[in-house]
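The values are calculated or read from the model by the stated rules, or taken from the named source; none is laboratory data. Since the model is a prediction, treat every value here as computed from it, not as a measurement. Using ideal geometry, Cβ is built from the backbone for each residue, glycine included, and neighbour counts are taken over all protein chains shown.
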Amino acid sequence: MTTVIYELREHVAVLTLNRPESLNALNLAMIDHLRASTERAAFDRQARAVLLQGAGDHFMAGGDIKWFRDQLALPPQERQRRFEQVIADVHGSILALKGMGKPVVAAVQGAVAGFGMSLMMACDMVVAADNAYFTLAYSNIALSPDGGATWSLPRQVGLKQAMEIALLGERFDAARARELGLLNRVVAPERLAGEALALAQRLASGPAAAFARTKALLNRSSETSLETQLQAEQHAFAACGAEADFTEGLAAFFDRRPASYHQ
């Protein structure tokens, strides 16, 4: 059984974490499958948006605690070497999600903990069920975060709130997560799958090149000077203006009809 299911639905690559009996906890097989699936989505020409979700009632409850316990049998230096390699593999999927020129939507419910929270924050937009609960959790077992959490969290909630979430490891609900800026929409659990897929399909029907350039601009904005960002915007705007999508978007505006991209 694959631990990440890959499906294509109307130009949306749907990636489903598939260990529901373990709350989709991340194990070695899922690390490999998640990296392969995110990289596949990045290069799949049929996929113009990505939806990441969990099978069953939970998104992801973090890393597999049983695997962590098994590592205690290793000498400390060997354990450190093993963790270095595993986390490097884990980070491949984060880089694929952040770097792909396609919008990525996460649909989360139930447990969103540890790497599950890191994974969610690596997505561009998040739709959450109102039963979702969140905890970075690493500090509860004397670990520091991975999965880009220390990069994403302060950018999304501010440094003081990031410190509280990361150091205290406390659990909070969907209402608080939205208040902090971690979520775009909160819906009833029975509406989650439909709402998230509809959002991903809406993004998939949009102007792909413009979306890719916009995502790249936003992702680099906190690391560049205003002058550098303005120059990047200039080049991106001009490049979009040379695309067939711009011609169609402008024609649709004047014709007072919906634009039809990717024809």
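Data overview
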read-out: Scan of the stretch 94-148 for residues that are closer than 16 Å to E39 by Cα, among the hydrophobic types (A, V, I, L, M, F, W, C) and part of a loop (DSSP other than H, G, I, E, B), ordered by number; value: M100, A122, C123
read-out: For A232: the one exception among (1) out of contact with any Ser or Thr (no Cβ under 8 Å at 6 or more places or on another chain); (2) part of a helix (DSSP H, G or I); value: (1)
read-out: Among the residues listed as G114, G147, G110, the single one being assigned by TED's automatic domain parsing to the domain that holds A96, on the phi > 0 side of the Ramachandran plot, surrounded by 24 or more Cβ atoms within 10 Å (Cβ to Cβ) and over 11 Å from the mean Cα position of the chain (by Cα); value: G114
read-out: Which numbered condition K215 misses (of (1) over 16 Å from the mean Cα position of the chain (by Cα); (2) in a helix (DSSP H, G or I)); value: (1)
read-out: Near pairs, Cβ below 8 angstrom, 6+ apart or cross-chain, from the stretch 56-79 (more than 24 Å from V126 (Cα to Cα)) to any residue that is small (G, A, S) and part of a loop (DSSP other than H, G, I, E, B); value: I65/A25
read-out: From the options A210, A193, A200, A204, residue that is at pLDDT 95 or above and surrounded by fewer than 18 Cβ atoms within 10 Å (Cβ to Cβ); value: A193
read-out: Search result, residues across the stretch 1-13 that are surrounded by fewer than 20 Cβ atoms within 10 Å (Cβ to Cβ) and not in a loop (DSSP other than H, G, I, E, B); value: I5, Y6, E7, L8, R9
read-out: Lone qualifier among F59, F68 - being under 27 Å from A188 (Cα atoms) and either surrounded by fewer than 15 Cβ atoms within 10 Å (Cβ to Cβ) or touching a helix residue (DSSP H, G or I) at 6+ places or on another chain (Cβ under 8 Å) (or both); value: F59
read-out: Hits in the stretch 14-38 (condition: part of a strand (DSSP E or B), farther than 16 Å from I87 by Cβ and in contact (Cβ under 8 Å) with a residue 40 or more places away in the chain); value: V14, L17
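Per-residue answers, yes or no, for (1) charged (D, E, K, R); (2) under 24 Å from M121 (Cβ atoms):
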site: N219; (1), (2): no, yes
site: S222; (1), (2): no, yes
site: L230; (1), (2): no, no
site: E243; (1), (2): yes, no
